[in-house]
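Down below is the structure, laid out as structure tokens.
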Amino acid sequence: MSFLRMIPRFTVCLFACASLLAAQSTPAPSPTTAPTAILLWPNGAPGAVGDMPLDKPILTPYLPAKNPTQTAIVICPGGGYAMLAMDKEGTQVAHWLNARGVAAFVLTYRYGPRYHHPIPLLDAQRAIRYVRSHAAEDGIDPDHIGIWGFSAGGHLASTVGTHFDAGNRDATDPIERVSSRPDFMVLAYPVISMEPGITHNGSLHNLLGEEPNPTLENELSNETQVTPQTPPTFLFSTTNDGTVPVMNSVLFYEALLHAGVPAEMHIFEQGRHGSGLGQDNPQLGMWPVLLQNWLHLHGWMASGAE
């Protein structure tokens, strides 16, 4: 039976203890190492149309004092491929990860209308390659590198997770020799599909232009691109999201199930789009705790990490 037919038959019940919620609301400390932005392409990014800051994708590292699981996560803020919500969906998330012993790398990728596909994808793939190629010096396991995206950043993260390669062994640039495949994905209220009625139209047009190529629309409807090699995925969304339809998450989850990819999805009944870690919502404030449990289950976050 199709998962979509089963939707009316199941009810998701969430039980939260007060101590977990109290721990979640505790402000995260600042990272031990002050972040310094890294130019992803010091000699100029491919496809750059100028020499302004917005033409230079960067990666900002936040390294914790201790990283017991040697895990790193590249963070892709949302913004409809027209801007970046760097605070709520970038810096705050990096601090949250640091407080739990995980390295974070916030990606400032290029976006529309100045840049269209494949530029954001190139930036995100380069970010994964950079972290992997520098893993030893940052105390990171090259097989413990994930990607976390919000909204349109979730589309970008899911694109990286469904459009990766093993690297070019003959490349003169050592960063380009390593794989761009993330080891896991975290997708928060993500845009997934480019299909009419499901997609977020602003993201669609900012990424593909005002007259999108139908072939690219299909190729970047990431629910159609899932294979058994797609990384394990955690999905979070809300039923009444008025900006990005919840079916984006549902369709991707169904595709992951059909491909046999480990996946976990939490859909809350209510919650506005762009809620970040949900720290201002007693109900949504539980979702990062559920994520923490999932990361621990797979060995990407230590138990009891606060």
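For this structure, a couple of remarks:
- Selection within the stretch 113-139 - surrounded by 24 or more Cβ atoms within 10 Å (Cβ to Cβ) and either at pLDDT below 95 or among the hydrophobic types (A, V, I, L, M, F, W, C) (or both): Ala124, Ala127, Ile128, Val131
- Residue pairs meeting the criteria (Cβ under 7 Å; at least 6 apart or on separate chains; first within 21 Å of Phe234 (Cα to Cα), in the stretch 131-147; second part of a helix (DSSP H, G or I) and not aliphatic (A, V, I, L, M)): Pro142/Arg132; Ile145/Arg132; Ile147/Gly161
- Within the stretch 76-92, the set of residues being over 11 Å from the mean Cα position of the chain (by Cα) and buried (at least 24 other Cβ atoms within 10 Å of the Cβ) comprises Gly80, Tyr81.
To keep it simple, each residue is scored yes or no on (1) over 23 Å from His117 (Cα atoms); (2) surrounded by fewer than 20 Cβ atoms within 10 Å (Cβ to Cβ).
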position: His200; (1), (2): no, no
position: Thr224; (1), (2): no, yes
position: Thr227; (1), (2): no, yes
position: His298; (1), (2): yes, yes
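- Pair list, Cβ < 8 Å and 6+ apart or interchain, from the stretch 188-216 residues that are under 14 Å from Ser151 (Cβ atoms) to residues that are loosely packed, with under 14 Cβ neighbours inside 10 Å: Asn206/Pro113
- Matching residues, the stretch 85-111, being within 18 Å of Ser158 (Cα to Cα) and either out of contact with any strand residue (DSSP E or B) (no Cβ under 8 Å at 6 or more places or on another chain) or free of Cβ contacts under 8 Å to residues at least 40 places away in the same chain (or both): Gly90, Arg110, Tyr111
- Residues in the stretch 154-191 that are of a type in the set (Gly, Ala, Ser) and under 14 Å from Ile128 (Cβ atoms): Ala157, Ser158, Gly161, Ala166, Gly167, Ser179, Ser180.
- Applying the set (1) modelled with pLDDT of 95 or more; (2) more than 22 Å from Ile267 (Cβ to Cβ) to Glu210 leaves exactly one unmet item: (1).
- From the options Ile119, Ile128, residue that is under 23 Å from Gly299 (Cα atoms) and not charged (D, E, K, R): Ile128
- Per-region count, the stretch 217-246, residues assigned to a helix (DSSP H, G or I) and closer than 18 Å to Ala157 by Cβ: 4
- Condition check for Ala72: modelled with pLDDT of 95 or more, under 20 Å from the mean Cα position of the chain (by Cα), among the hydrophobic types (A, V, I, L, M, F, W, C) and surrounded by fewer than 17 Cβ atoms within 10 Å (Cβ to Cβ): no
- Thr238 vs. criteria more than 24 Å from Asp183 (Cα to Cα), surrounded by fewer than 20 Cβ atoms within 10 Å (Cβ to Cβ) and either in contact (Cβ under 8 Å) with a residue 12 or more places away in the chain or not hydrophobic (A, V, I, L, M, F, W, C) (or both): no
- Cβ-Cβ contacts under 8 Å between residues 6 or more apart (or on different chains), taken from a first residue in the stretch 151-171 that is in contact (Cβ under 8 Å) with a residue 24 or more places away in the chain and under 14 Å from Ser249 (Cα atoms) to a second residue that is among the charged types (D, E, K, R) and part of a helix (DSSP H, G or I), are listed as Ser151/Glu89; Gly153/Glu89.
The values are calculated or read from the model by the stated rules, or taken from the named source; none is laboratory data. This is a predicted model, so every value here is computed, not measured. Methodologically, a virtual Cβ is constructed for each residue, glycine included, from the backbone with ideal geometry; neighbour enumeration extends over all protein chains shown.
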